[in-house]
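One structure below.
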Amino acid sequence: MNLSYSQEYQDFREEVRAFLEENWTDADRASAPEVDLQTVRGAMGGGIRKDARATEFRKKAIERGYMYRGIPKKYGGGEQPPDPLKATIIAEEFRRAKAPFEIMGQGPSMLAPTLVEKGTEEQRQKYVEPTLLGHILWCQGYSEPGAGSDLASLRTSAVLDGDHWVINGQKIWTSNAQEADMMFALIRTEPDKPQHEGITYFLIDMKTPGIDVRPLRQMTGEADFNEVFFDNARVPVDSIVGNRGEGWQVSRSTLKHERALIGNASLARRTFDGLVAMAQVIEVRGEPMIKDPVIRDRIAAVEADLLAAEYNGYRLLTLGAKNQDAGLAGMVPKLHSTNLVYKVTKLAMDILSDRGLCAPGEPSAPDMGGFSTAYMWYWGMALGGGAPNIQRNIIGERGLGLPRDVRK
Amino acid sequence: MDFGLTEDQILLKDTVHRFLEAECPTTRVRAIMESDDGHDQQLWQGLAELGMHGLIIPAEHGGAELEVLDLALIAEERGWAATPGPFLGSSMATAALLAADDQDAKSEWLPKLATGAAIPTFACGEKVGEWDADRLEATVEGDRLSGEKPLVPFAGVSDLLVVAARDSDGPGLWLVERGASGVEVTSIRGNDMTRRLDSVRFDGAPARKVAAGRAAIDRARDVGLVLIAADCYGGANRCLRMTADYAVTREQFGQVIGSFQGVKHQLANMATDLEPSLSLLWYTAHAMDHIQDKAARHAALAKAHLADLYDSTVRYAIELHGGIGFTWEFDLHLWFRRALFNRSYLGGSTYQRRRAAELGDW
Ligand SMILES: Cc1cc2nc3c(=O)[nH]c(=O)nc-3n(C[C@H](O)[C@H](O)[C@H](O)COP(=O)(O)OP(=O)(O)OC[C@H]3O[C@@H](n4cnc5c(N)ncnc54)[C@H](O)[C@@H]3O)c2cc1C
C-alpha cells in the first residue's frame, strides 16, 4: 500500500499546473467556461467544448499523457501506466483551471478501447483519434424493442448485396442518436446460426439513407434517447469490426468498458459534495440541516459507502496495472455505484425538504432543481448497460459460483 | 501509487489463515468458548510462536515493527475463523502503550507483550457507551486509581491493565498490574462467548502514570475501531461464502437452492454491499500510520459501515440456511454473536457517525 503524495506526485502536480498555466490562458478560461460538472447534463457529457481552440489544447494535453491514458499514443491516446493518484491530480488541476478535459460518452469510453482491442489497423487510424477529440460523436445501437436484457435475441438484420450490407430493423433507447455521426451496432447477419454466433458488430454512418431517428422523451422531460429505424440502409462491406458472426465477442469488450464507465463513483461523489454543501446552508428552524442529528447520521452512512466505492476503484486500477483478476471486486461496481447514486440523491432530496419539488431549471430552488433530475437519472444509470437483476445474475454466477440462470 | 497488499502481507495473512484453520476449527472455538475464562493458553502460545503478539511493537522491544494494516489482516482472519481470545483488548492496550510517553514502562512491558509472556488489556469505556477521553470519570489521586470500567476485554486473564482515567491535569493513561490491591474483576455474561468482557472496579488501586493527555487513549480506541472493522469484514465474508457454498449443495424442489433467483440475488446483493468495503478497510488501516488527518474520522466511518454490513450479511446468511441456521449445533450463530459484539463495542454505529460528523466539522 503506497498512497502518499510523495515528492514524485508533488512534482507531478507542479508539472500539470505549469502546463495549464502555459496552455490554457486566463483569456481561455474567461471566454467560454467548461460545462459545470455539478449538473447531471455535465456529468453525462453534455455541453463540453469541442471547438478548434479546445481541440488544439486537448492535443497538447494528450501528447503530455494527461488524457485518455489507457489509449496508445499511436492511436491518439495519452498512453500511460494506470495511476489513480496521478489521474486524480490531473482531474483536480484541470477542473481548477476550467480547462477542457476528456470527452465523455460512449464513443471515447466504449468504442475507442474496443477498436484498439478488436478493430483493424485502418479502423483504429480512422476513428480513434477523432472520437477522442469529440469530432466523431457515437451512439450505441444494441437494444431493440424485443431484445433488452436478452440482447442476443436481437433481430435487426444485415444482408450482403455486392459490396454493401443492407440493414433492416429497429433499435431503441439509443442515447444521443439524434446528434450522433456514427453508430456502433449489433446486427444479425447469420440467421441460420445459433443466436450468439449470428451477430456482427457494425460501424454505421448515421447519414446513410434509410436511417430514421425519432426522439423519445424520458421521464426527466429531456429527450436524449431515441428510436432508430433502418429501412434498406446500405453500408460498405468493410463496416464491420471483427469477422462476420463474431459481434457478440466484440461487444463483450465494449460492455466491459461501459460497466467500468457507469461503475465509476464520480457522479455519486459530485452529488455527495453538492449535498453536503447544501446541507450547510439550508436552514430549518434556524439551524443548518447538517446540524440535524438524523441528517448527519445519514450523510455519514452514505459517505462511508461512497468512500468504499472510490477505494474499490483504486484497488481495481492497481489490480489492472498488475494484470491480476479482480474477481468480485470487478463485478460489483456497476450495481454498487448505481445503488449509491440512489442513496445519495434520495438524501439530497430529503435535505432539500419542500424545495425538492422544484423542477430542473427552477431559479428559486437552492439547487436549481438539479437534484430531482439526478434522482430520476438513477434509473437511467441502473438500466443502461444491463439492468440490476442482470448484474445480480452475473455476480451470483461468475462471482459466487451459483448455477446459471435460464438461457436459450 | 499502489493500492493493495504487499507480498509480505499476503504471506502473513495466509500464514495466519492456515494456522487458524488447522489449530482452531469451530470445534475448538466451541471448546474454548465454553471454558471458564474463554482463553486457551496453547492457542495464544501458538500465535506467539508466529510472532503475532509483537506485530506492531518496535524491533528494539522484540517486535516485528509492522503497521496497523498488518494487524488488521490478522483481525480479518480471526473474524473469518471466529477465533476466541484476548486479541482485541491486548492490541488496543499495546497500541496505547506504544503511544505513551513513559520509556521505562515501555522497556519493561513491551518485550513481554511481544513474546506473549504477558497479556495486557485496555480499560477505557464507562457508563453506557462513553468512550470519549474527556468525559471519563475514573480518577487518579496521588498514584491511586478509583472508578468503574464496565466492559474490559478479558480482564480476568490479563497481566496488565492499561487504564484511561483522569487526574488534576486531565485525561491520561495508567498501568495497573494483575493482583494489585483495590481491583475487583467481575465477569459479564455477553452474547459473544468468544470475546469475554469483565467489569472492573478500582478502589484506590496502585497505578503508574504512563501518558498525559488524550492522544494515546484516542489512538488505542481508533486502533480498536479498525480491528473491529476488519473482524467484521472477515466474519461477513465467511458468512457470505458459507452461504454460497450451501446454496449449491442444499436441494429443494429437485434443484439446488442457489438456482432460485431469489436466493441468487440475495447473495449477489450481499456481495455487492460487502466487497467494496474491503477497500475502505484497507485505506483506513493504512491511514492509521500514514495519513494522520484522515485516520480518526475514517476509523469511525469504517467501523460503523462494516458493523452494519456484518449485521445484514449474517442475517441473510442465517435466513438462507433455513431451520438449520437457527440451531445451536450449526456454527452460524458464532458469527452472529461476533457481529453483535462488533456493532456494540466501542460504541454503536450511530455513535461513530456522530463522531465522524463532529470530526468533519459539520
Ligand atoms: C437512460 C438509458 C439509456 C440507454 N441507452 C442505451 C443506448 O445508448 N444503447 C442501447 O443499446 N441501449 C440503451 N439503453 C437500453 C438498456 O440497455 C436496456 O434498457 C436494458 O438492457 C434493459 O432492457 P429492457 O429495457 O428491454 O428491459 P427488460 O430486459 O425487458 O427488463 C425488464 C425487467 O426485467 C428484468 N429481467 C429481465 N431479464 C431477467 C432475468 N433473466 N432475470 C431477472 N430479471 C430479469 C430486468 O432486470 C428489468 O428489471 C438505455 C437505457 C436507458 C434507461
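Numbers below:
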| quantity | calculated |
| --- | --- |
| Shielding of A:319-329 by partner chains, average beta-carbon count, 10 Å | 2 |
| Diffusion constant of the range B:111-171 at 20 °C, which comes from Stokes-Einstein with the Kirkwood Cα-pair radius and 1.002 mPa s, µm²/s | 171 |
| Dipole in debye (nearest 20) - the range B:120-213, about Cα centre, beta carbon charges: Lys, Arg +1; Asp, Glu -1 | 280 |
| Solvent-accessible area per residue, Å², over chain A with all protein chains present [probe radius 1.4 Å] | 45 |
| Interface residues, the range A:1-27 - accessible area loss of 30 Å² or more versus chain alone, probe 1.4 Å | A:Met1, A:Asn2, A:Leu3 |
| Cubic angstrom per residue, convex hull over Cα atoms of the protein assembly as shown | 179 |
| Accessible-area value, B:Trp109, 1.4 Å probe, nucleic acids and ligands omitted, Å² | 10 |
| log10 of Debye I(q)/I(0), alpha-carbon scatterers only, for the range A:170-294 at 0.12, 0.19, 0.23 Å⁻¹ | -0.65, -1.14, -1.32 |
| Heavy-atom accessible surface of the range B:216-359: percent carbon and sulfur, 1.4 Å | 52 |
| For the range A:261-318: Kirkwood Rh in Å [reciprocal of mean 1/r, alpha carbons] | 12.5 |
| Chains B and A together, accessible area buried on both sides, 1.4 angstrom probe, square angstrom | 4000 |
| Average silhouette area of the range B:80-151, convex hull of alpha-carbon atoms, in square nanometres | 6.6 |
| Column: log10 I(q)/I(0), Debye, Cα scatterers of chain A, q = 0.09 Å⁻¹ | -0.60 |
| Sequence of B:Asp293, A:Asp205, B:Asp218 from largest to smallest accessible area, 1.4 Å probe | B:Asp293, A:Asp205, B:Asp218 |
| Where labels lie 7 Å past Cα in the beta-carbon direction, separation of B:Arg144 and A:Ser31 in nm | 8.2 |
| Relative contact order (percent, whole number), the range A:162-315, Cα cutoff 8 Å, 6+ residue spacing | 23 |
| Chain B: angle of helix B:292-321 to the longest principal axis, Cα-based, in degrees nearest 10 | 40 |
| Largest-first ordering by accessible area, 1.4 Å probe, given options A:Phe94, B:Phe260 | B:Phe260, A:Phe94 |
| Where GluC sites (Glu not before Pro) fall in DSSP loop in the range B:93-143, at most 15 other Cβ within 10 Å | B:Glu137 |
| Heavy atoms of A:Arg214: accessible area, 1.4 Å probe, square angstrom to 10 | 110 |
| Tail fraction, Cα-Cα pairs, the range A:264-399, threshold 25 Å, whole percent | 34 |
| Chain A: DSSP helices with Cα axial extent of at least 30 Å and average Kyte-Doolittle hydropathy no lower than 0.0 | A:293-321 |
| Angle in degrees between helix B:332-344 and the longest Cα principal axis of chain B, rounded to the nearest 10 | 40 |
| Kirkwood hydrodynamic radius of chain B, Cα pairs, Å | 20.8 |
| Lys/Arg +1, Asp/Glu -1 at C-beta; the range B:152-250 dipole; positive extreme among B:Val183, B:Thr243, B:Gly156 | B:Thr243 |
| Charge dipole magnitude, Cβ of K and R +1, D and E -1 - chain A, Cα centre, debye nearest 20 | 640 |
| Distance (nanometres) between label positions extended 7 Å along Cα→Cβ at B:Asp169 and B:Thr27 | 5.5 |
| Largest-first principal axis extents of the Cα set of the range B:216-359 (Å) | 58, 27, 22 |
| For the range B:209-301, alpha-carbon Rg and Dmax in angstrom | 19.2, 68 |
| Shielding of B:352-362 by partner chains, average beta-carbon count, 10 Å | 5 |
| Using a Förster distance of 56 Å, the FRET efficiency for A:Asn243-B:Phe326 (Cβ separation, nearest 0.05) | 0.50 |
| Cα-Cα pairs of the range A:109-210 separated by more than 15 Å (percent) | 64 |
| Solvent exposure ordering (accessible area, 1.4 Å, most first) of A:Lys207, A:Lys291 | A:Lys207, A:Lys291 |
| Kirkwood hydrodynamic radius of the range B:130-257, Cα pairs, Å | 17.1 |
| Other protein chain Cβ atoms within 10 Å, averaged over every residue that makes up B:286-292 | 2 |
| Relative contact order computed over chain B (Cα-Cα under 8 Å; 6+ residues apart), in percent | 17 |
| Gap separating the Cα centres of the range A:259-318 and the range B:25-78, nearest whole Å | 37 |
| Taking the C-alpha atoms of the range A:7-132, convex hull volume expressed per residue in Å³ | 104 |
| Binned Cα-Cα distances of the range B:29-125, short to long, each 5 Å bin given as a whole percent | 3, 13, 24, 26, 19, 10, 4, 1, 0 |
| Nearest-0.05 FRET efficiency for A:Arg214 and B:Ala215, computed from C-beta distance (R0 56 Å) | 0.25 |
| Segments A:97-105, B:157-165 sorted - mean Cβ within 10 Å per residue, highest first | B:157-165, A:97-105 |
| Solvent-accessible area lost in complex, 20 Å² minimum, residues of the range A:376-408 relative to chain alone, 1.4 Å | A:Asn389, A:Arg392, A:Asn393, A:Ile395, A:Leu400, A:Leu402, A:Pro403, A:Asp405 |
| A:Arg49 - accessible surface, heavy atoms, 1.4 Å probe, Å² rounded to 10 | 30 |
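The values are calculated or read from the model by the stated rules, or taken from the named source; none is laboratory data. Everything quoted here is computed from the prediction, not taken from an experiment. Cβ: placed from backbone, ideal geometry, glycine included. Neighbour counts: every protein chain shown. Note: areas computed on protein heavy atoms with side chains; ligands, DNA, RNA excluded. Shrake-Rupley method; radii C 1.70, N 1.55, O 1.52, S 1.80 Å.
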